[in-house]
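K.L.:
Quick one: the structure is below, questions incoming.
The values are calculated or read from the model by the stated rules, or taken from the named source; none is laboratory data. Since this is a predicted model, take the numbers as computed values, not measurements. All Cβ positions, glycine included, derive from the backbone under ideal geometry; neighbour counts span all protein chains shown.
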Amino acid sequence: MQSAPAIQKLLDELERLPGVGPKSAQRIAYYILNSDSADALRLAQAIQEVKSTVHFCQRCFNYAEDDLCAICASPSRDGGLLCVVGEPRDIPPLERTGVFSGVYHVLGGELSPMGGVGPADLTIAPLMSRLASEDVREVVLATNPNIEGETTAAYLARLIKPLGITVTRLASGLPVGGDLEFADEVTLGRALEARRPL
């Protein structure tokens, strides 16, 4: 059955979103159609507002509405502790831990020779400038634990270590509540390598 052109246009746009297939697009579209006009307008305005007001922080490349993001602008953050992540979306999970009190640097992706992403495509040059001009004592490499993330971490470690700055990597291993019998060999190996005294 053919949808009305306006509905089809909405479905097409929703299906372009990551993780939204045809059925999810239909559910969202029909939810919007059945909601109050005010609700749909608020959604449209929120999308328009975020696109017009949010940009990258001049210092760390996180999302920001001002020149600096809230983390870079906070005087309570430890500027000597710098956590390097791939994307802005990687920051909220780290912040929710309540453990990290430093600042961040967002690379804008991870090295992927097969995907055509090299060092010049990431914010590595601004990172190195920060390390030269700011009093950073430790860089925590928090890239993803996959081939691209590991490659990026190894590349950055080679660049940063000669500066005399401590370089650390997020530990990887067994999840809390996990069973040994279900863990893969790579995860178990990393858990053994990252073991610590009690």
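K.L.:
Can you name the residue in region 19-54 that is touching a residue at least 12 places away in the same chain (Cβ under 8 Å) and more than 24 Å from residue 65 (Cα to Cα) and, of all such residues, is surrounded by the most Cβ atoms within 10 Å (Cβ to Cβ)?
P.N.:
Looking at the filtered set, the residue picked out is 29.
K.L.:
A follow-up question, please. Just to check your reading of the model, which residue among 17, 68, 10 is assigned to a loop (DSSP other than H, G, I, E, B), touching a helix residue (DSSP H, G or I) at 6+ places or on another chain (Cβ under 9 Å) and not small (Gly, Ala, Ser)?
P.N.:
17
K.L.:
Can residue 130 be described as in contact with a His (Cβ under 8 Å, 6 or more places away or on another chain), touching a residue at least 12 places away in the same chain (Cβ under 8 Å), under 18 Å from residue 60 (Cβ atoms) and charged (D, E, K, R)?
P.N.:
The answer is yes for residue 130.
K.L.:
Would you mind stating whether residue 139 is surrounded by 13 or more Cβ atoms within 10 Å (Cβ to Cβ) and closer than 27 Å to residue 78 by Cβ?
P.N.:
yes
K.L.:
May I ask you to list the residues in region 164-186 that are touching a residue at least 12 places away in the same chain (Cβ under 8 Å) and either over 15 Å from residue 142 (Cβ atoms) or out of contact with any strand residue (DSSP E or B) (no Cβ under 9 Å at 6 or more places or on another chain) (or both)?
P.N.:
If the condition is that a residue be touching a residue at least 12 places away in the same chain (Cβ under 8 Å) and either over 15 Å from residue 142 (Cβ atoms) or out of contact with any strand residue (DSSP E or B) (no Cβ under 9 Å at 6 or more places or on another chain) (or both), then 165, 171, 172, 173, 174 are the ones that fit.
K.L.:
Does region 143-162 contain any residue that is in contact with a Phe, Trp or Tyr (Cβ under 7 Å, 6 or more places away or on another chain) and under 14 Å from residue 84 (Cα atoms)?
P.N.:
no
K.L.:
Taking region 152-184 as the search range and keeping residues that are β-branched (Val, Ile, Thr) and not in a helix (DSSP H, G or I), which one is surrounded by the fewest Cβ atoms within 10 Å (Cβ to Cβ)?
P.N.:
The residue in question is 176.
K.L.:
Next question, about the same structure. Could you tell me which of the residues 108, 149 is small (Gly, Ala, Ser), in contact (Cβ under 8 Å) with a residue 24 or more places away in the chain and not in a loop (DSSP other than H, G, I, E, B)?
P.N.:
Going through 108, 149 in turn, the sole match is 149.
K.L.:
Looking at (1) hydroxyl-bearing (Ser, Thr, Tyr); (2) exposed (fewer than 15 other Cβ atoms within 10 Å of the Cβ); (3) outside the structural domain of residue 123 (by TED's automatic domain parsing), which is the only condition residue 63 fails?
P.N.:
Of the numbered conditions (1) hydroxyl-bearing (Ser, Thr, Tyr); (2) exposed (fewer than 15 other Cβ atoms within 10 Å of the Cβ); (3) outside the structural domain of residue 123 (by TED's automatic domain parsing), the odd one out for residue 63 is (2).
K.L.:
Next question, about the same structure. Under 7 Å by Cβ, and 6 or more places apart or on different chains, what pairs join a residue from region 187-198 that is within 13 Å of residue 170 (Cα to Cα) and basic (Lys, Arg) with one that is modelled with pLDDT of 75 or more and surrounded by 10 or more Cβ atoms within 10 Å (Cβ to Cβ)?
P.N.:
190/172; 190/173
K.L.:
Looking for something farther than 30 Å from residue 79 by Cβ, in contact with a Leu (Cβ under 8 Å, 6 or more places away or on another chain) and either in a helix (DSSP H, G or I) or of a type in the set (Gly, Ala, Ser) (or both) - is there at least one such residue anywhere in region 48-57?
P.N.:
Looking for residues that are farther than 30 Å from residue 79 by Cβ, in contact with a Leu (Cβ under 8 Å, 6 or more places away or on another chain) and either in a helix (DSSP H, G or I) or of a type in the set (Gly, Ala, Ser) (or both), one finds none in region 48-57, hence no.
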